[in-house]
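The values are calculated or read from the model by the stated rules, or taken from the named source; none is laboratory data. Keep in mind it's a predicted model, so treat the numbers as computed, not measured. Cβ placement follows ideal geometry from the backbone for every residue including glycine, while neighbour counts extend to all protein chains displayed. Just the protein is used for accessible areas: all its heavy atoms, side chains included, with ligands, DNA and RNA removed. Shrake-Rupley method; radii C 1.70, N 1.55, O 1.52, S 1.80 Å.
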Amino acid sequence: MVIFGGFMDKGKNYEVKDMKLAGQGSLNIELAESRMQALMNVKQRFAKEKPLKGARIGMALHVTKETAVLVSTLIAGGAEVAITGCNPLSTQDDVAAAMAEEGTKVWAYKGETKDDYYRYINYVINFKPNLTIDDGCDLVSEIHKKHTHLIKDIIAGCEETTTGIIRLKAMERDSALKYPMIAVNDNKTKHLLDNFYGTGQSTIDGILRSTNILFAGKNVVVCGYGSCGKGVSLRAKGMGSNVIVTEVDPFRALQAALDGFRVMPIKEAAEMGDIFITVTGNKNVVDIAHMKLMKEGVVLANSGHFDAEININELKKIAKARRVRPFLDEYSINGKKIFICGEARLVNLAAAEGHPSEVMSTSFCGQALACEYAVKNKGKMAPKVIQLPEEIDNHIAKLQLEAMGINIDKLTAEQKKYLESWQEGT
Ligand code: NAI
């Protein structure tokens, strides 16, 4: 069922699908820039101040038009950059070609084999980065497992997603983490725009592009009610779906119930759902036993970081499969059909274009400012998972408000004094 593959275009500093796509890639990057004003403001300042001079930034991020704008921002700041993807299905081949044409070191194509995926990560490692940017922790993990000699020269790393943070905290607990990691994912601006609004919209976009299914009137089961699950539930509700939430965390389950959604165990939801969307960061959340209970013709999609949330490996063993169209596979179990979008990889990037540019603008302000923070604080950060100071997070919110043309009030001196004092009462 492999629809990808074929020959790659290779050069000294790149390996991409097809350099002939570069023209379209440049147009897409230009379009992204026009919607990423907050990041473009950072880029303009970086171009003047060169805060990243001497930085060698190795990146494993989804190679999209928005990531290309981040790369050009880091280069404007004086950094050298080498990049590969962080998921075998998320690269936009036209963008990768455009980046290669600009002279960026880039190794990525959509539909990478596992061997190529890790070969490319190792090309980034061979570039000897002194800063790393990861989405899912594969680059950091590879450096810690096989290239420990490089660690002494690494100032810090930045992590883009929840799953990566979970892996990094596990490393920290085992005293295995050897250089400081900035949890860009945990910026409140990132969580709000990216996990909530971004995943909310683009997950539905991926399912629509791969199936063109009507959401109105359908029972949509959302597994996981974190920031991503909340965004997906809200958007599905807005499209007229009856949303059912499954959770393991009592507080999150309570939130879902109070937000007006039905909450139940996946075993019960399995029999009722028409569309299932996993966003938990966990594994086998939709398992074979659940699939056996499902109705004819259900659609399954995952928007969590890894393709572990739907047990597709076991499904492949018991079901007959065929590709119906790009990013939609049909599996038959005893004559019953189950459709899986984007090979159960994060559907918004596999079957659509990921988050809208406006969303990635704020996420990537976080990445760019985290790199600047790391360089400024070189040698002062412990090898732990650390959070950017709140002023930087608030500055990102301000940049995005400016980009949206929104002004807000300022505290008066009297109000500031009132909030800082405890004497005044009724
Ligand atoms: P989160 O940790 O805030 O929420 C996940 C929720 O899933 C938690 O409430 C947890 O209790 C619940 N959960 C865990 N196991 C479960 C199970 N077996 N059944 C039901 N619920 C379960 O994480 P967040 O930020 O919402 O991210 C979720 C996933 O999405 C992560 O893998 C993250 O990396 C990924 N992500 C994907 C994006 C995309 O573009 N597709 C963007 C941002 C994050």
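Under 5 Å between amide hydrogens, built in the peptide plane, is the criterion, and for Met59 it picks out Ala82, Ile83, Thr84, Ile133 among residues at least 5 positions away or on other chains. When all alpha carbon pairs of the range 160-279 are counted in 10 Å bins from zero, the resulting P(r) reads 13, 39, 29, 14, 4, 0 %.
Excluding ligands, DNA and RNA, what is the solvent-accessible area per residue of the chain at a probe of 1.4 Å, expressed in Å²?
Values: 19340 Å² over 426 residues.
That works out to 45 Å² per residue.
Dimensions of the range 15-114 based on its C-alpha atoms, expressed as ranges along the principal axes with the largest first, amount to 39, 27, 20 Å.
Once backbone amide H atoms are built at 1.01 Å from N, Asn242 has Gly217, Lys218, Asn219, Val220 as its partners under 5 Å, excluding neighbours fewer than 5 places away on the same chain. Under the classification rounded if a/c is under 1.5, otherwise prolate if a/b is larger than b/c and oblate if not, where does the range 208-308 fall, given a ≥ b ≥ c as square roots of the Cα gyration tensor eigenvalues? Verdict is rounded for the range 208-308. Quick one: among Ile155, Ile392, Ile57, which has the greatest mean-square fluctuation in a GNM of the chain with alpha-carbon springs under 10 angstrom? Among Ile155, Ile392, Ile57, the largest mean-square fluctuation in the Gaussian network model of the chain belongs to Ile392. Here the alpha carbons of the chain define both size measures, Rg and Dmax, at 22.1, 75 Å. Consider all pairwise Cα distances in the range 336-426 and report the whole-number % of them above 17 Å. It works out to 71 percent of all Cα pairs.
Carbon-plus-sulfur fraction of the accessible area of the chain, 1.4 Å probe, in percent?
Values: 10150 of 19340 Å².
C and S atoms contribute 52 percent here.
The per residue volume of the convex hull around the alpha-carbon atoms of the range 221-379 is 149 Å³.
Annotation: amide H-H contacts under 5 Å for Asp9 (H modelled 1.01 Å from N, sequence separation of 5 or more, or interchain): Val16, Lys17, Asp18, Met19.
Remark: the Cα gyration tensor places the range 187-258 in the oblate category, a/c being 1.5 or greater and a/b not exceeding b/c. Comparing Cα centroids, the range 95-172 and the range 320-344 end up 32 angstrom apart.
Among residues other than Ala76 whose Cβ falls under 15 Å from its Cβ, what is the net charge (Lys/Arg +1, Asp/Glu -1)? The answer is 0. Which residues does the label zone of Asp18 cover in the range 308-337, counting backbone N under 16 Å from a point 7 Å along Cα→Cβ? Inside the label zone: 326.
What area, in nm² and to one decimal, does the C-alpha convex hull of the range 103-238 cast on average over all directions? Intermediate values should be presented prior to the final figure.
Numbers: hull surface 42.5 nm².
Averaged projected area of the range 103-238's Cα convex hull equals 10.6 nm².
Net length available on complete extension from Glu424 to Ala321 is 30.1 nm, with 0.36 nm assigned per residue and the Cα-Cα distance removed.
Can you classify the range 384-426 as rounded, prolate or oblate using the Cα gyration tensor, where a ≥ b ≥ c are the square roots of its eigenvalues, rounded means a/c under 1.5, and otherwise it's prolate if a/b beats b/c and oblate if not? It is oblate, given that a/c is not under 1.5 and a/b is not larger than b/c.
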